[in-house]
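Undergrad: Pasting a structure here, questions to come.
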Amino acid sequence: CKRRPGAWSLPGKFDRMKTQAIVVAGGVGKRMKMSLPKPLVLLKGKPVVIYCLKTLARSPLVHSIILVGKKEFLPRFARALKRWGLKKKVHLIEGGQERYDSVLKGLKALDQDTKIVLIHDAVRPLVSKKLIEDSIKVCIKNHAVVAAVPVKPTIKKVGQDLRIKETLKRGDLWEIQTPQTFDRRLISEAHYRRGE
């Protein structure tokens with residue numbers, strides 16, 4: 001999100017645009033060979049998930065947070081929330097098998113008057129308050145926005161025989177990250193259509 005002069009001149013708009021954040025915390029860390037889900041792994045003495053939750057809670061543009069986690073780890077998430085109390089309400093719910101299922105459960109748990117939905121991965125602890133707020137502000141004007149960074153490695157396109165067919169231009173490639181922020185009706189309709 002790059003800020004342009006005057007891009008955020010939306011007086012009073014945020015008061016009418018209730019935003020809820022869905023934090024997806026269902027990853028189990030198979031590649032790391034850990035017994036705990038990645039969001040509960042300690043980083044400088046705190047579970048990884050607590051860092052992004054605290055940043056979200058600091059923003060006046062985020063009204064409340066829905067934390068979606070694996071059923072068997074919900075008690076541990078609840079204990080972490082209690083120990084590292086937040087300034088905003090965090091609603092803890094059970095996730096699904098895949099990320100898509102967890103996001104859909106989060107969408108179903110939104111308040112009826114929510115207009116904007118910010119979706120963030122729990123294992124991205126370094127998200128800034130500015131990025132969160134820029135995402136919400138851009139979403140109000142454009143209905144959907146995702147955080148992204150330019151791709152740095154050299155990317156090759158290969159065939160089934162693993163022979164290189166093409167070197168893709170880095171200038172055309174971006175790595176999609178989170179937060180991903182949407183008009184609530186737009187993202188809900190997309191998820192329900194995919195599930196049909």
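Undergrad: I need the per residue convex hull volume for region 55-157, using only the alpha carbons, in cubic angstrom as a whole number.
TA: 153
Undergrad: Given the Cα-Cα distance of R163 and L186 and 0.36 nm per residue of separation, how much length would full extension add, in nm?
TA: Extra length from R163 to L186 when fully extended: 4.3 nm.
Undergrad: Sticking with this structure for a sec: Write down the accessible area per residue of the chain in Å², having rolled a 1.4 Å probe over the full set of protein chains.
TA: 62
Undergrad: Still on this model: Can you compute the helix-only [θ] at 222 nm over the chain? Use -39500 (n - 2.57) per DSSP H run of at least 4 residues, normalise by all residues, nearest 500 deg cm²/dmol.
TA: -9000 deg cm²/dmol
Undergrad: Give the average over all directions of the projected area of the C-alpha convex hull of region 106-160, one decimal, in nm².
TA: Value for region 106-160: 7.0 nm².
Undergrad: Same structure, new question: With a 10 Å cut-off between alpha carbons and a GNM built on the chain, which of D172, D113, D134 moves the most?
TA: D172
Undergrad: Looking at the chain, do any whole DSSP H helices span at least 15 angstrom along their long axis by alpha carbon and average 0.5 or above on Kyte-Doolittle, and which?
TA: Span-like helices in the chain: 48-58.
Undergrad: Quick one: P(r) of region 66-119 from all Cα-Cα pairs, 10 Å bins, percents rounded to integers, in order of increasing distance.
TA: Each 10 Å bin holds this share of Cα pairs: 22, 50, 27, 0.
Undergrad: Sorting Y51, Y192 by accessible area (1.4 Å probe), largest first, what list results?
TA: Result of the area sort, largest leading: Y192, Y51.
Undergrad: With all pairs of different alpha carbon atoms counted, what Kirkwood hydrodynamic radius in Å does region 135-196 show?
TA: Computed over region 135-196, the radius equals 14.3 Å.
Undergrad: Just to verify a number: what accessible area does S35 come out at with the full protein assembly present, 1.4 Å probe, Å² rounded to tens?
TA: 110
Undergrad: If I histogram all Cα-Cα distances within the chain using bins 10 Å wide from 0, what percent of pairs lands in each bin?
TA: Calculated P(r), rounded to whole percents: 8, 32, 32, 20, 6, 1.
Undergrad: Using only Cα atoms, locate the centre of region 87-104 and the centre of region 130-182, then give the distance between them in Å, rounded to an integer.
TA: Between the Cα centres of region 87-104 and region 130-182 lies a distance of 24 Å.
Undergrad: How much of the DSSP beta bridge set in the chain is antiparallel, as a percent to the nearest 5?
TA: Antiparallel bridges: around 45 percent, rounded to the nearest 5.
Undergrad: Have a look at A57, A25, A148 and tell me which one the Gaussian network model of the chain (Cα, springs below 10 Å) gives the largest fluctuation.
TA: A148
Undergrad: Highest mean first, what order results for 70-81, 156-167, 100-111 on Cβ atoms within 10 Å?
TA: 100-111, 70-81, 156-167
Undergrad: Now for a separate question. How large, in percent, is the carbon and sulfur part of the accessible surface of the chain at a probe radius of 1.4 Å?
TA: Within the chain, the accessible surface is 52 percent carbon and sulfur.
The values are calculated or read from the model by the stated rules, or taken from the named source; none is laboratory data. In this text the structure is predicted, and so the values were computed from the model without any measurement. Cβ coordinates were reconstructed from backbone atoms using ideal geometry, including for glycine residues, and neighbour counts include every protein chain displayed. The accessibility values were calculated without ligands, DNA or RNA, using every heavy atom of the protein model including side chains. Shrake-Rupley method; radii C 1.70, N 1.55, O 1.52, S 1.80 Å.
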